[in-house]
Every structure is written in structure tokens, then in C-alpha cells.
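Trainee: Please find one structure pasted underneath; my questions will follow.
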Amino acid sequence: MTTQLLADLEWRGLIAQTTDREGLLKDLNSKPLKFYIGFDPTAPSLHVGNLVVILVMRRFQLAGHLPIALVGGATGLVGDPSGRNEERTLNDETVVVQWVENIRKQLSKFLDFESNKNPAVMANNLDWTKPVSALEFLRDIGKHFSVNQMLAKDSVSSRLESGGISYTEFSYQVLQAFDYLELYRRDNCRLQLGGSDQWGNIVAGLDLIRKVEGGSAHAFTIPLMAKSDGSKFGKTAGGSVWLDADMTSPYAFYQFWINTDDADVEKYLKVFSFKDRSEIERLIETVAVNPGAREAQRELARELTSLVHGSDQCEKVEAASKALFGQGELKDLDEKTLASALAQLPKVTIDKSEAFPTWVDLLAATGVVESKSAARRIVKENGAYLNNEKISGEDFAPTKENLIHGKFLVLRKGKRDLASVEVI
RNA sequence: GGCGGGUUGCCCGAGCGGCCAAUGGGAGGGGACUGUAAAUCCCCCGGCUCUGCCUUCGAAGGUUCAAAUCCUUCACCCGCCA
């Protein structure tokens with residue numbers, strides 16, 4: 001069972017580095033193993049980048065192991081220097097508390113906390129870090145760390161070369177090591193997973209466990225997601241793709257996945273999909289045979305949107321997507337379908353009694369463009385559409401005749417940026 | 001603490017008294033091609049009540065008909081010396 005887990009992860013390209021592979025395999029095979037991953041609250045929500053690691057966690061749970069989802073209420077206050085070339089700005093304590101709560105809620109969607117066989121549990125490192133005094137920390141934990149070794153870590157040494165590091169962030173690895181020690185002692189947690197940039201921090205924990213408890217545990221890192229064109233995974237023009245529906249709408253989330261490059265879709269399927277291997281291989285085949293159909297992208301988008309936002313939302317969003325991009329006439333959609341499709345888009349409402357503003361004003365009001373100048377530019381450059389029909393002239397204004405079902409207008413900028421107007 | 005160098009539009013980076021909303025590259029946007037892809041090509045890329053006006057070149061003052069460009073003070077960054 002678990003032998004398969006590692007082989008499967010390997011096939012999916014989800015293993016960057018592990019300690020003692022044989023030993024890990026043996027431990028995983030002998031009994032359900034407690035393992036943990038930490039998420040620091042550095043934003044109000046998790047984003048698709050975090051999803052890589054979260055789903056690996058899910059895979060471990062599905063294989064029968066016991067996940068501990070750790071939220072970094074303490075470490076989030078300090079700031080991890082890994083993978084950063086400059087100091088983080090500290091966030092306010094009350095803000096971090098809120099973020100911890102958000103992240104906790106999001107994580108609970110991906111793991112099973114109810115299972116009576118191997119339920120997941122939550123932890124917050126603030127619980128055991130806060131009570132420790134600075135003196136205790138320095139004497140009981142700090143004493144086991146060699147500054148020489150700490151300086152040698154990538155996260156620190158690269159920062160020493162690029163402008164320096166504060167004592168606060170320098171101490172981060174000690175805090176994370178302390179977490180691992182705590183979970184090892186308390187729950188016999190013997191495996192920590194993390195992104196490959198976490199290797200140094202995880203290993204610091206292993207050292208601490210060995211020195212303090214004479215015990216041994218494992219480290220397992222997951223490659224950081226990279227896109228084939230070198231750009232950063234999980235970012236769009238609008239910024240990060242968040243898991244929070246208020247920050248990235250389910251529609252935008254779906255669009256993110258469906259717009260996956262052909263060159264990346266194989267990798268994404270392997271990393272994100274829970275379909276079995278033969279199905280994934282079939283989908284990869286379709287990319288080679290009939291790339292234009294984009295079946296793989298569609299399946300990927302559907303699976304991930306369902307997972308993150310629920311299958312109900314996913315269906316709505318898919319319907320919206322089809323209606324708005326499909327070859328069908330907008331007018332042919334029944335009012336209900338159209339309304340739910342439009343509900344997914346940026347929207348502006350105007351009063352029945354008012355005169356219609358210009359297309360330019362409407363688009364600017366939806367927030368799809370940043371300024372009226374930008375909206376004018378779109379018209380000038382021939383990228384302005386009303387109800388999927390091209391319009392021209394900067395002072396073009398819709399009329400009553402353009403309303404669909406007597407109340408809707410669909411604005412489009414370029415090929416795929418849509419917004420809606422409702423008259424009430 | 002002393003001396004020197006720097007701070008320019010989303011990012012990098014030219015400009016060093018008028019021809020500057022400011023060269024160039026990247027990112028981003030529109031168009032063509034296609035598949036709501038990639039690559040390529042063309043165009044755009046501070047704002048507005050848009051043949052003009054307004055606000056930008058670390059901050060605040062000043063010199064000048066005219067300043068991103070000169071002067072003064074302040075803040076931050078980077079070197080060298082202590």
C-alpha cells in the first residue's frame with residue numbers, strides 16, 4: 001500500500017529530497033505514521049502554490065497515515081527567510097491571529113478530520129511557543145544550535161550576501177526545529193513534509209530531535225512548482241490565485257486552470273489530480289493527439305474547482321464559462337443560466353431611470369480596467385465588445401435594445417475578459 | 001562619527017536646466033494567427049471633462065521665465081574609513 005504511495009509520488013514528480021529513503025519506506029510500511037506540514041500565516045488566504053503541498057498531505061492520509069496540519073501562529077509572527085532575498089515586514093499580531101483562523105478553515109477542506117481510522121488533526125505552534133520564556137528558550141533549545149551550522153543554511157547564507165538578515169529571521173530555523181521536536185515528543189510525529197525550500201529548516205529539526213531525545217525522524221520535501229516558460233506558478237495578471245472565493249472568484253479560479261499551457265498540463269495533472277494513473281496518461285495522450293480540444297485542461301479545471309469550491313460551484317462556473325465563451329448566442333440562454341453565469345463576473349448595476357453611460361464608463365466602473373483611459377484604449381485598439389459583438393467609437397453607449405432579457409449587458413475586453421451590467 | 005555613491009513610471013534602468021509624461025528592456029494590455037495554449041508579428045502602455053489640461057522622477061523648501069536635471073535641509077540604501 002505505502003510502497004505504492006512513494007512510487008506514485010515519484011511518478012508524479014513530487015519528491016525532491018528525503019532522508020534515508022529505505023528507512024522512510026520501512027516506517028511507512030510498518031504502521032500509520034504521524035506526519036506534519038506547517039503553514040505560516042503570511043496572507044489572509046492560502047493560494048494555489050500551497051495546494052501542491054496540501055495535496056501531498058492528502059495523498060499521505062489516503063494511504064493511511066496521520067496528518068497534523070500545523071498553522072504557524074508563532075512562526076508567522078517571526079517570518080521565514082527561506083527563498084526570500086529580503087527581510088519580511090512584520091505583521092500585526094491581531095492580523096496574524098485572523099489569518100491563522102482563515103488558513104485553518106481552508107486546510108480543513110482537504111483533509112479528513114472525521115475518519116475514525118486515521119483522522120487529521122490541527123495544531124498551532126503558538127500554543128507551545130508562547131509559554132516558553134526567552135531565557136528558557138535560549139538555555140533549553142538555543143544551546144543545541146551551532147551558529148556556524150545555522151549560518152551555513154541556504155536561507156541564511158544567501159541573505160548574508162544580499163543585504164543581511166535580522167536576528168529575528170535568523171532565529172526562524174530554531175523555532176521550526178522546536179516545532180518538530182514538540183510534535184515528536186507529544187505525538188510521536190516522525191515525518192515532516194514541506195516545499196523544497198524547507199529542507200534546511202526541517203533538517204534543523206531532525207538535528208534537534210537527535211540531540212535532545214536521541215531520536216530519529218524523517219524529512220521529505222516536495223519540488224517547488226515551476227512553469228515551463230520560467231514564470232512563477234500561481235500568478236496571473238491580477239496577482240496570486242487564492243483559495244478564498246472572495247479573493248479569487250471560483251470563475252477566475254476555473255479560468256486559471258483551463259488556461260494552462262499545453263507544456264505544463266502534464267505536470268499539473270500529475271501534481272494536482274487524484275485521478276488514477278491510467279486516466280491521467282489517457283489525458284496526456286489527448287494533449288498530444290488533439291491539443292485544440294483541451295480536454296486535459298478542462299478535466300484539470302473541473303477537478304480542482306470542485307475540490308476547492310465544491311461541485312455545485314464548479315457546475316455553475318463551468319456553465320458560465322461555456323455560455324460566455326461558447327459559440328452559442330447569449331440571447332439564446334435562458335435568463336436563469338445567464339444570470340448565474342454573470343454572477344461570476346465583475347459587475348456593475350445601473351438604475352432603470354438613468355440614461356445609459358458609455359461603454360467606456362461602464363467598463364471602468366466594473367473594475368476590469370484601472371482607468372477610463374485604459375478603457376478608451378481598448379476601444380481604440382479594437383478590443384471592445386458588447387454582448388459578444390464588437391463595438392467602435394469611444395462614445396458608444398448601449399441602448400435599451402441591447403439589453404438581454406430586459407436587464408443584462410455583457411461587456412468584454414479583448415478575447416476573454418468579461419464583465420456584466422445589470423439594469424435595476 | 002567622517003568621506004564618497006545612490007533614491008526615476010509595475011520592475012530593471014537611461015536622462016543630469018528648456019526639444020521630458022521622460023530613451024531602452026522586462027512585465028502587462030489590444031490586434032493578427034490559433035485552441036479561452038505556446039511561439040511569432042504589429043500596436044498600446046500616468047490620469048482626465050483628451051487637438052487641451054492636470055499630476056509624476058525619495059520628502060520638504062529654494063534659485064530660475066523654465067528643474068527629474070542646480071542649491072539647502074531631511075529620510076532611507078550602498079561602499080570606504082573610524
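Trainee: Measuring from the lowest to the highest alpha carbon on each principal axis, how far does the stretch A:340-423 reach, largest first, in angstroms?
Mentor: For the stretch A:340-423, the Cα extents along the three principal axes come out at 29, 26, 21 Å.
Trainee: Multiplying the sequence separation of A:Ser146 and A:Lys322 by 0.36 nm and subtracting their Cα-Cα distance, what value in nm do you get?
Mentor: On the way: separation 176, 0.36 × 176 = 63.36 nm, distance 5.91 nm.
Contour length minus the Cα-Cα distance gives 57.5 nm.
Trainee: Tell me the accessible surface of A:Thr349 in square angstrom (1.4 angstrom probe, heavy atoms of protein chains only), to the nearest ten.
Mentor: We get 70 Å² for A:Thr349.
Trainee: Give me D for chain A in µm² s⁻¹, whole number, from Stokes-Einstein with Rh from the Kirkwood sum over alpha-carbon pairs, 10 °C and 1.306 mPa s.
Mentor: 66 µm²/s
Trainee: Once you have the alpha carbon radius of gyration of the stretch A:2-222, what is it after dividing by 2.2 N^0.38 Å, with N set to its residue count?
Mentor: Rounded to two decimals, the normalised Rg is 0.98.
Trainee: Over the stretch A:2-222, what relative contact order in percent results from Cα pairs under 8 Å that are six or more residues apart?
Mentor: Taking the mean separation of contacting Cα pairs over the length of the stretch A:2-222, I get 28 percent.
Trainee: If packing is taken as the average number of other Cβ atoms within 10 Å across a peptide's residues, how do A:405-417, A:54-66 rank, most packed first? Please report the intermediate quantities before stating the final value.
Mentor: Details: A:405-417: 17.2, A:54-66: 19.9.
Top to bottom by mean Cβ count within 10 Å: A:54-66, A:405-417.
Trainee: What does the convex hull of the Cα atoms of the stretch A:235-326 come to per residue, in Å³, rounded to a whole number?
Mentor: Each residue corresponds to 98 Å³ of Cα convex hull volume.
Trainee: Considering the Cα positions of the stretch A:274-392, please state its Rg to one decimal place and its Dmax as a whole number of Å.
Mentor: That works out to 18.5, 59 Å for Rg and Dmax.
Trainee: Using unit Cβ charges (K, R positive; D, E negative) and no other charged atoms, how large, in debye to the nearest 20, is the dipole of the stretch A:314-409 about its Cα centre?
Mentor: Charge dipole, the stretch A:314-409, about its Cα centre: 120 debye, nearest 20.
Trainee: I would also like to ask the following. With every protein chain present, what accessible area does A:Met122 have (1.4 Å probe, heavy atoms only), rounded to the nearest 10 Å²?
Mentor: Roughly 50 Å² of A:Met122 is accessible to a 1.4 Å probe.
Trainee: Something else now. Mean separation of Cα pairs under 8 Å and 6+ residues apart, divided by the residue count of chain A: what relative contact order is that in percent?
Mentor: On the way: 622 pairs, mean separation 58.6, N = 424.
Relative contact order of chain A: 14 percent.
Trainee: With N set to the residue count of the stretch A:1-118, report its C-alpha Rg divided by 2.2 N^0.38 Å to two decimal places. Intermediate values should be presented prior to the final figure.
Mentor: Numbers: Rg = 16.0 Å, N = 118, 2.2 N^0.38 = 13.5 Å.
My calculation over the Cα atoms of the stretch A:1-118 gives 1.19.
Trainee: Leaving ligands and nucleic acids out of the surface, order A:Lys235, A:Lys336 by accessible area at 1.4 Å, largest first.
Mentor: Heavy-atom accessible area, descending, gives A:Lys336, A:Lys235.
Trainee: In what order, largest first, do A:Asp246, A:Asp179 sit by accessible area if the probe radius is 1.4 Å?
Mentor: Largest to smallest exposure gives the sequence A:Asp246, A:Asp179.
Trainee: Name the residue farthest towards the positive end of the dipole of chain A from the options A:Phe220, A:Pro291, A:Ala364, assuming +1 on Cβ of Lys and Arg, -1 on Cβ of Asp and Glu, about the Cα centre.
Mentor: Checking the options against the dipole of chain A, the answer is A:Phe220.
Trainee: If one takes the longest principal axis of the Cα atoms in chain A, at what angle in degrees, from 0 to 90 and to the nearest 10, does the Cα axis of helix A:199-213 lie?
Mentor: 30 degrees
Trainee: Also, quick follow-up: Taking all protein chains in place and a 1.4 Å probe, what share, in percent, of the accessible surface of the stretch A:340-423 do carbon and sulfur account for? Before the final figure, lay out each step's value.
Mentor: Details: 1860 of 4350 Å².
Taking all protein chains in place, the stretch A:340-423 shows 43 percent carbon and sulfur surface.
Trainee: Checking the table A:Lys31/A:Lys211; A:Lys105/A:Lys153; A:Lys316/A:Lys380; A:Lys235/A:Lys347; A:Lys105/A:Lys235; A:Lys109/A:Lys211 against a 29 Å threshold on Cα-Cα, which pairs fail?
Mentor: Long pairs (Cα-Cα over 29 Å): A:Lys105/A:Lys153; A:Lys316/A:Lys380; A:Lys109/A:Lys211.
Trainee: To continue, here is another question. Can you give the FRET efficiency for A:Ser340 and A:Asn402, using 1/(1 + (r/R0)^6), R0 = 25 Å, r = Cβ-Cβ distance, to the nearest 0.05?
Mentor: Calculated transfer efficiency: 0.75.
Trainee: For the stretch A:340-423, what is the relative contact order in percent, using Cα pairs closer than 8 Å and at least 6 residues apart in sequence?
Mentor: Value for the stretch A:340-423: 37 percent.
Trainee: Sticking with this structure for a sec: Residue farthest toward the positive end of the dipole of chain A, with Cβ of Lys/Arg at +1 and Asp/Glu at -1: which of A:Thr337, A:Leu6, A:Phe233?
Mentor: Farthest towards the positive end: A:Leu6.
Trainee: How big is the dipole moment of chain A about its Cα centre under a simple scheme where the beta carbon of each Lys and Arg is +1, that of each Asp and Glu is -1, and everything else is neutral? Debye, nearest 20, please. Could the numbers behind the result be given before it?
Mentor: Working: 51 positive and 58 negative charges, 70 e Å.
The calculation lands at about 340 debye.
Trainee: Oh, and also: Would you work out what percent of the accessible area of the stretch A:95-138, with all protein chains in place, is carbon or sulfur (probe 1.4 Å)?
Mentor: Carbon and sulfur atoms account for 59 percent of the accessible area of the stretch A:95-138.
Trainee: While we're here: Per residue, how much accessible surface does chain A expose to a 1.4 Å probe? Answer in Å², no decimals.
Mentor: Per-residue value: 48 Å².
The values are calculated or read from the model by the stated rules, or taken from the named source; none is laboratory data. Here the structure is a predicted model, which means the values were calculated and not measured. Counting neighbours? That spans all protein chains shown, and the Cβs are built from the backbone with ideal geometry, glycine included. Please note that ligands, DNA and RNA were not included when accessible areas were found on the heavy atoms of the full protein model with its side chains. Shrake-Rupley method; radii C 1.70, N 1.55, O 1.52, S 1.80 Å.
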